[in-house]
Amino acid sequence: MLVSASATEPFGLSCTPMKPTAPGPSGPTLLRQIRAIQRDPLQFLLDCAQTYGGVVQFPVGDWPVYAVNDPDGIKHVLQDNHRNYSKDTVQFNTLALVTGQGLLTSDGDYWLRQRRMLQPAFHRQRITGFGAAMVGATERLLARWDLLAPPAALDVDAEMMALTLEIVGRTLFTADLSHAARDLVSAVLIALDYIIYRAQTPLSLPLFLPTPRNLKFRNALQTLDHAVSRLVADRRALAAETPRPNDLLQMLLDARGEDGTPMSDTQLRDEIITLIIAGHETVASALTWTWYLLAENPAVEARLGAELAGVLDGRPPTMEDLPCLTYTRAVLDEALRLYPPAWLITRKALDADVVAGHALPAGSLVIISPYVVHRRAEAWPEPERFQPERFLDGQTSAAPRFTYLPFGGGPRLCIGNLFALTEGVLILATVAQRYQLRLTPGHGVRVDPLVTIRPHGGLPMQLIRRS
């Protein structure tokens, strides 16, 4: 089941499934649909939610597997009883091949300690100071675009990846990663593609064997590790200088455990790589889909352009403009609803529990898909329609909690959610007031549910300079 091009669990079907405690498809039904599931796991999960309801059980032999689509059930798993649900799942254990025990994959007391240590770096006041760097990096991107002959065509997916990587480097590490952006972006994508391969191929050859796929992955890891080593070495070389940069990297280097010892090099490496990957790949995905949706909806783009003209009048945006860019923020929020980068959340039940009225045995795998939840018609009328107005004038207050979770929910809500939203709005405002982006004729856009939701083969678009 769900053996797809995605970071999902490697399910196996059995003729002797466990006794069901929730509705769901039968084993023979799944076997007949296996190719369709591989082609489009998102649609499969959506169909199951519409057919079977808030909790769906899948026949996976003696392994209890449930998709939880009910908002109250999701709240129970992610918030009310979150201590009963660990990240000890194939999704996160496979991702740890890249990120190690960073904040994204760690659990328990270790995660809590790391979270508390990193939280100050993402405080609202500190993020306010990042605005100029975010806009400056975007202005440099536009200066490069300005040199292209019209009608220039670019892979907007790749452009957003490089831009958000530069922003992560300048804001969190006070480092210019733009010179290595191409290699680092390539390394991130290769590493994440390998994670997909391992997640859906549980009998894959061990990593130490020199197969072409393994060698490519190991080279990508070396690229990432070298970048981290250089960041740390360059900063340690400044130890005698004052003042040192007051950024997240310095916080990591200055951190001390209860026994007074600093973080090990392995711990530093895991947290920095986690922040590099999670800090740019997810925001780039959200922006890429925003440009796609704007190109498909001229009326929305026109209203966005009118707001930017009225508020900014051609100048670059600042942090002080954000309260006035309400429609710009709504455009980003609605893009995150339709194409949430983290489209799959998995948890393992440590003890037996009852979720939305259904008994879950200990050891159950729980699947939560924001992509599915964001399409609940009860909360989002005409759910497939791109309608940023949903997020204006408090309209979303009528929607139940945990029907919108692009950054997860509960205590493990993404630590960088405010950073991502600030960055997304500033980039969107900076670019959209100078350029319109149009889909390249003849290029079909297909969703790839990988570690994040990405457009298959990139997103080539044509640049049209606003007068």
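The values are calculated or read from the model by the stated rules, or taken from the named source; none is laboratory data. Computed from a prediction, not measured in an experiment: that's the story for all the values here. Heads up, the Cβs are rebuilt from the backbone with ideal geometry, glycines too, and the neighbour counts pull from every protein chain shown. Side chains are part of the model used for accessible areas, which takes the heavy atoms of the whole protein and leaves out ligands, DNA and RNA. Shrake-Rupley method; radii C 1.70, N 1.55, O 1.52, S 1.80 Å.
What to note about this one:
- Computed [θ] at 222 nm, helices only, for the chain once each DSSP H run of length n ≥ 4 contributes -39500 (n - 2.57): -15000 deg cm²/dmol
- On full extension, the segment bounded by SER204 and ASP62 gains 48.8 nm, given 0.36 nm per residue less the C-alpha separation.
- Low-density loop positions, GluC sites (Glu not before Pro), the stretch 242-323 - DSSP coil, at most 14 other Cβ in 10 Å: GLU258
- Residue-normalised accessible area of the stretch 328-368, given per residue in Å² at a 1.4 Å probe: 26
- One decimal place: the segment TYR110-ALA36 gains 22.7 nm when fully extended, by the rule 0.36 nm per residue minus the C-alpha distance.
- In the full protein context, the stretch 400-444 carries 33 Å² of accessible surface per residue, based on a 1.4 Å probe and ignoring ligands, DNA and RNA.
- All Cα pairs of the stretch 382-441, percent lying beyond 13 Å: 77
- The chain: DSSP helices with Cα axial extent of at least 15 Å and average Kyte-Doolittle hydropathy no lower than 0.0: 41-52, 131-146, 156-172, 181-200, 265-296, 298-312, 326-338, 417-432
- Measuring gaps between exposed loop sites in the chain (trypsin sites (Lys or Arg not before Pro); DSSP loop; at most 13 other Cβ atoms within 10 Å), the longest gap, sites not included, is 1-384.
- FRET efficiency for ASP351 and TYR197, using Cβ-Cβ distance with R0 set to 22 Å, rounded to 0.05: 0.10
- For the stretch 160-200, the pair-distance distribution built from all alpha carbon pairs, in bins 5 Å wide starting at 0, is 6, 25, 23, 19, 12, 10, 4, 1 percent.
- Our Cα-only numbers for the stretch 78-121 put the radius of gyration and Dmax at 11.1, 30 Å.
- Residues of the stretch 322-351 with amide N under 18 Å of a point placed 7 Å along Cα→Cβ from ASP88: 346-351
- Hydrodynamic radius of the stretch 206-343 by the Kirkwood approach over all distinct alpha-carbon pairs: 19.2 Å.
- The charge dipole of the stretch 208-252, taken about its Cα centre with unit charges on the Cβ of Lys, Arg, Asp and Glu (plus for the first two, minus for the last two), comes to roughly 260 debye.
- Accessible surface of the stretch 79-228, 1.4 Å probe, proportion on carbon and sulfur as whole %: 57
- The Stokes-Einstein estimate for the stretch 81-149, based on a Kirkwood radius over Cα pairs and taken at 37 °C with 0.692 mPa s viscosity, is a diffusion coefficient of 213 µm²/s.
- The calculated P(r) of the stretch 296-413, using every Cα pair and 10 Å bins from 0, goes 12, 34, 29, 16, 7, 2 in percent.
- Each of SER229 and ASN246 was given a label point 7 Å from its Cα along the Cα-to-Cβ line. The distance between the two points is 3.3 nm.
- The ellipsoid equivalent to the alpha-carbon distribution of the stretch 9-139 has semi-axes of 37, 19, 16 angstrom, derived from the gyration tensor eigenvalues as √(5λ) and listed largest first.
- Viscosity 0.692 mPa s, 37 °C: Kirkwood-radius Stokes-Einstein D of the stretch 137-213 over Cα pairs, µm²/s: 219
- In the stretch 169-280, the convex hull through the Cα atoms has an average projected area of 8.8 nm², a quarter of its surface area.
- In the stretch 368-467, the portion of solvent-accessible area held by carbon and sulfur atoms comes to 51 percent [1.4 Å probe, whole percent, DNA, RNA and ligands not counted].
- Backbone N under 19 Å from the THR128 label point (7 Å along Cα→Cβ), restricted to the stretch 293-324: 317-324
- Amide H within-cut-off set for TYR435, under 5 Å, with H built and near neighbours excluded: ARG466
- In range of the label at SER264: residues from the stretch 92-123 whose backbone nitrogen is under 12 Å from the point 7 Å along Cα→Cβ: 101
- Unit Cα scatterers, Debye sum, the chain: log10 I(q)/I(0) for q = 0.07 Å⁻¹: -0.36
- Protein heavy-atom surface of the stretch 319-365, 1.4 angstrom probe: 58% of the accessible area is carbon and sulfur, with nucleic acids and ligands not counted.
- Amide proton proximity set for ALA152, modelled H, under 5 Å, gap of 5+: LEU463
- In straight-distance terms, cross-link reach from LYS348 covers every one of the aspartates and glutamates whose alpha-carbon lies under 19 Å from its own, apart from those fewer than eight places away in the same chain; here that gives GLU9, ASP62, ASP70, ASP72, ASP80, ASP88, ASP107, ASP109.
- Heavy atoms of the protein chains alone define the surface here; on that basis the stretch 114-197 has 42 Å² accessible area per residue at 1.4 Å probe size.
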